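Chemist: Pasting a structure here, questions to come.
The values are calculated or read from the model by the stated rules, or taken from the named source; none is laboratory data. As the structure is a prediction and not an experimental result, all values here were calculated from the model. All Cβ positions, even for glycine, are placed from backbone atoms using ideal geometry, and neighbour counts span all protein chains on display. Only protein heavy atoms, including side chains, enter the accessible area calculation; ligands, DNA and RNA are left aside. Shrake-Rupley method; radii C 1.70, N 1.55, O 1.52, S 1.80 Å.
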Amino acid sequence: MSAVLKPNYQFRPMTERDLDAIMEIEPHIYSHPWTRGNFADSLKSAHSAWVLVQDANIIGYALMMMVLDEAHLLNLSISQSYQKQGLGRLLLEHMIQIAQDLKAANMFLEVRASNISAIALYENIGFNEMAVRRGYYPAHHGREDAILMGLAI
C-alpha cells in the first residue's frame, strides 16, 4: 500500500513549531479536541507524529504510538475545508507505511461510534472491528462508545 501525493502535498515530521497551526484545526473538527498539551506530550514521548502540508500550510496531521510490535493510531485529522477529498486516506496510508517501516505487526485505533465516515474509511483500508469500549469518549451529554479497530500489517 503506497500513498500517491499530488505535487503540492507533502508529509513531514511534526514539530513543536507546528502546534499553533494544529490548534487552529483541532477545535473545528472535534467536539472534544486534544489540547496543545496533549500534542506537546505526544511529541515529548517521541510518538511518530506527521503533518500533511499543501504549499507549506498544514492541512492534516497524525500521531501514532509504538508499543513493541503494535502501532496505536492516536489522532488522524484533516482540516475541515480539506475533508472529503481523499486526504484522510492518504494520511492513513502514510501512517500505515510508517508502522510497517517500524516493524509493526498490527495497527490499532479507537474511533467514536458516531463517526460513520471515519469508520467507513478504516474498513475500506482493511481495519476490522475488534471490540466496543463503552463510554470511552466524553460527549456533550455523558459519554460515547468507541469502536476498537485493528489491522494486520
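Chemist: Which of the residues belonging to the range 66-75 are within 23 Å of Ser117 (Cα to Cα), surrounded by fewer than 22 Cβ atoms within 10 Å (Cβ to Cβ) and among the hydrophobic types (A, V, I, L, M, F, W, C)? First the steps, then the outcome.
Modeler: At the first step, the residues of the range 66-75 found to be within 23 Å of Ser117 (Cα to Cα) are 71-75.
Retained after the next criterion (residues that are surrounded by fewer than 22 Cβ atoms within 10 Å (Cβ to Cβ)): 72, 74-75.
Result: Leu74, single match.
Chemist: Condition check: over 25 Å from His140 (Cα atoms), open to solvent by less than 50 Å² (accessible area, probe 1.4 Å) and in contact with a Gly (Cβ under 8 Å, 6 or more places away or on another chain). Does Phe11 satisfy that? Break it down stepwise before answering.
Modeler: Details: over 25 Å from His140 (Cα atoms): yes; open to solvent by less than 50 Å² (accessible area, probe 1.4 Å): yes; in contact with a Gly (Cβ under 8 Å, 6 or more places away or on another chain): no.
No: the conditions fail for Phe11.
Chemist: Looking for whichever is within 23 Å of Ala152 (Cβ to Cβ), among the aliphatic types (A, V, I, L, M) and in contact with a Phe, Trp or Tyr (Cβ under 8 Å, 6 or more places away or on another chain) here; the options are Leu68, Leu73. Which one fits? Talk me through it step by step, then tell me what you get.
Modeler: Numbers: Leu68 fails: in contact with a Phe, Trp or Tyr (Cβ under 8 Å, 6 or more places away or on another chain).
That would be Leu73, the only listed residue that is within 23 Å of Ala152 (Cβ to Cβ), among the aliphatic types (A, V, I, L, M) and in contact with a Phe, Trp or Tyr (Cβ under 8 Å, 6 or more places away or on another chain).
Chemist: When the residues of the range 31-65 are filtered to those that are without any contact (Cβ under 8 Å) to a residue 24 or more places away in the chain and hydroxyl-bearing (Ser, Thr, Tyr), which remaining residue is farthest from Ser117 (Cα to Cα)? Break it down stepwise before answering.
Modeler: Within the range 31-65, the first condition is being without any contact (Cβ under 8 Å) to a residue 24 or more places away in the chain, and the residues that meet it are 33, 35-38, 41, 44-46, 56, 65.
Narrowing the set further to residues that are hydroxyl-bearing (Ser, Thr, Tyr) leaves 35, 45.
Details: Thr35: 23, Ser45: 30 Å.
Restricting to residues being without any contact (Cβ under 8 Å) to a residue 24 or more places away in the chain and hydroxyl-bearing (Ser, Thr, Tyr), the top hit is Ser45.
Chemist: Among the residues of the range 76-95, count how many are within 12 Å of the chain's Cα centre (by Cα) and open to solvent by 70 Å² or more (accessible area, probe 1.4 Å).
Modeler: Number of matching residues: 1.
Chemist: Ok, one more. On the basis of being of a type in the set (Asp, Glu), over 17 Å from Leu63 (Cβ atoms) and open to solvent by 40 Å² or more (accessible area, probe 1.4 Å), does Asp145 make the cut? Working first, answer last.
Modeler: Numbers: of a type in the set (Asp, Glu): yes; over 17 Å from Leu63 (Cβ atoms): yes; open to solvent by 40 Å² or more (accessible area, probe 1.4 Å): yes.
Considered against the rule, which asks whether it is of a type in the set (Asp, Glu), over 17 Å from Leu63 (Cβ atoms) and open to solvent by 40 Å² or more (accessible area, probe 1.4 Å), Asp145 comes out as yes.
Chemist: Looking at Glu144, Glu93, which one is assigned to a strand (DSSP E or B) and touching a residue at least 12 places away in the same chain (Cβ under 8 Å)? Even if it seems obvious, please write down each step before you answer.
Modeler: On the way: Glu93 fails: assigned to a strand (DSSP E or B).
Result: Glu144 is the single residue among Glu144, Glu93 that is assigned to a strand (DSSP E or B) and touching a residue at least 12 places away in the same chain (Cβ under 8 Å).
Chemist: Of the conditions (1) out of contact with any Lys or Arg (no Cβ under 9 Å at 6 or more places or on another chain); (2) more than 12 Å from Tyr61 (Cβ to Cβ); (3) at pLDDT 95 or above; (4) open to solvent by 70 Å² or more (accessible area, probe 1.4 Å), Asp20 clears all except one; give me its number.
Modeler: Only one criterion is unmet by Asp20, namely (1).
Chemist: Right, something else. Mind counting the residues in the range 27-53 that are surrounded by 16 or more Cβ atoms within 10 Å (Cβ to Cβ), in contact with a Phe, Trp or Tyr (Cβ under 8 Å, 6 or more places away or on another chain) and modelled with pLDDT under 95?
Modeler: 0
Chemist: Looking only at the range 96-116, which residues are open to solvent by 60 Å² or more (accessible area, probe 1.4 Å) and touching a residue at least 12 places away in the same chain (Cβ under 8 Å)? Show your work before the answer.
Modeler: Of the range 96-116, the ones open to solvent by 60 Å² or more (accessible area, probe 1.4 Å) are 97, 100-103, 114, 116.
Within the range 96-116, Gln97, Gln100, Leu102, Lys103, Ser114 meet the criteria.
Chemist: Quick one: Ile98 ticks every box in (1) hydrophobic (A, V, I, L, M, F, W, C); (2) closer than 20 Å to Tyr30 by Cβ; (3) in contact with a Ser or Thr (Cβ under 7 Å, 6 or more places away or on another chain) bar one, so which box is it?
Modeler: Every condition holds for Ile98 apart from (2).
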